[in-house]
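Inspection log for the structure reproduced underneath, given as structure tokens.
The values are calculated or read from the model by the stated rules, or taken from the named source; none is laboratory data. Predicted, not measured: the structure shown is a model, and the values here were computed from it. Quick reminder, even Gly has a Cβ in these numbers, built from the backbone with ideal geometry, and neighbours come from all protein chains shown. Surface accessibility is based on the protein's heavy atoms, side chains included, excluding ligands, DNA and RNA. Shrake-Rupley method; radii C 1.70, N 1.55, O 1.52, S 1.80 Å.
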Amino acid sequence: YRNEYLLQSFKELNLNPKILQAITELGFEKPSPIQEQALPILLGDETDFLGLAATGTGKTAAFGIPLLQKMDTTKRGVQALILCPTRELALQVSGQIDLLGKYKDIQSVAIYGGASYGDQIRGIRRGAQIVVGTPGRIVDHIEKGTLELDGIETVILDEADEMISMGFKDDLENILGNVPAGMSKTWLFSATMSSEVRKVADKYLHNPKQVQVNRKAVSYTHLTLPTNRE
């Protein structure tokens, strides 16, 4: 069913004016269905979150806006980790985070295989608050000691089903297992709810609020999601 109250504008969200200015400049007007459903939840009380939404539905802003809104710019060090299946998506997400966060002075660094470790390490040391990366390369940096997870407050799995189908499940579990327990919240986004995605969600998400958006309709449920969606 559709919520009776639907978000008509980003201006209804009581956002930091610096973030609202960036949203306006990017030409975002009316929130997309996933943004309409996820933003009020993720901007509210701290919670784990499970969102089912296809690629191209506006997921990056759905998690990027609340992430930036809640981030403490006076703190140094990495506060958020966004995991993506491919370097292309990591670069795209990092670019959008930088655009949304530019007036709030929040920066991200993209970390992925096939690129120089040196540049990535410099990006982390320069004070990026958000690391966006592919699971394999993130694990490499954790093992090298060049990426510390002690200060992580939010972990976002973007396109979790793709990461698992590409063979990153062990890396995901390694990363999630390295994040300080009870200190951070986990937001998982996936286009489908396979049994493997469900296992990861059940293991690492605690009482998550859940939203499902498919292309034709918007539905919202607190408790159950179908185990498979064609």
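Considering only residues of segment 3-47 that are among the β-branched types (V, I, T) and within 20 Å of the chain's Cα centre (by Cα), which is nearest to K185 (Cα to Cα)? If we take residues in segment 3-47 being among the β-branched types (V, I, T) and within 20 Å of the chain's Cα centre (by Cα), then T47 is nearest to K185 (Cα to Cα). All of (1) in a loop (DSSP other than H, G, I, E, B); (2) of a type in the set (A, V, I, L, M); (3) over 25 Å from D202 (Cβ atoms) hold for I23 with one exception: (1).
Might you check whether a residue that is more than 19 Å from the chain's Cα centre (by Cα) and either loosely packed, with under 12 Cβ neighbours inside 10 Å or of a type in the set (G, A, S) (or both) occurs anywhere in segment 55-66?
Checked segment 55-66: no residue is more than 19 Å from the chain's Cα centre (by Cα) and either loosely packed, with under 12 Cβ neighbours inside 10 Å or of a type in the set (G, A, S) (or both).
Taken over segment 14-38, the criterion of being without any contact (Cβ under 8 Å) to a residue 40 or more places away in the chain and in contact with a helix residue (DSSP H, G or I) (Cβ under 6 Å, 6 or more places away or on another chain) is satisfied by Q35 alone. All of (1) among the basic types (K, R); (2) touching a residue at least 24 places away in the same chain (Cβ under 8 Å); (3) out of contact with any helix residue (DSSP H, G or I) (no Cβ under 7 Å at 6 or more places or on another chain) hold for K104 with one exception: (3).
Of the residues in segment 110-118, not one is more than 22 Å from A160 (Cβ to Cβ), in contact with a strand residue (DSSP E or B) (Cβ under 7 Å, 6 or more places away or on another chain), modelled with pLDDT under 95 and not polar (S, T, N, Q).
Determine, yes or no, whether T186 is hydroxyl-bearing (S, T, Y), crowded, with 21+ Cβ neighbours inside 10 Å and in contact (Cβ under 8 Å) with a residue 12 or more places away in the chain.
Working: hydroxyl-bearing (S, T, Y): yes; crowded, with 21+ Cβ neighbours inside 10 Å: yes; in contact (Cβ under 8 Å) with a residue 12 or more places away in the chain: yes.
Yes: the conditions hold for T186.
Residues in segment 37-53 that are out of contact with any strand residue (DSSP E or B) (no Cβ under 7 Å at 6 or more places or on another chain) and either open to solvent by 10 Å² or more (accessible area, probe 1.4 Å) or closer than 19 Å to V132 by Cα (or both): P40, L43, G44, D45.
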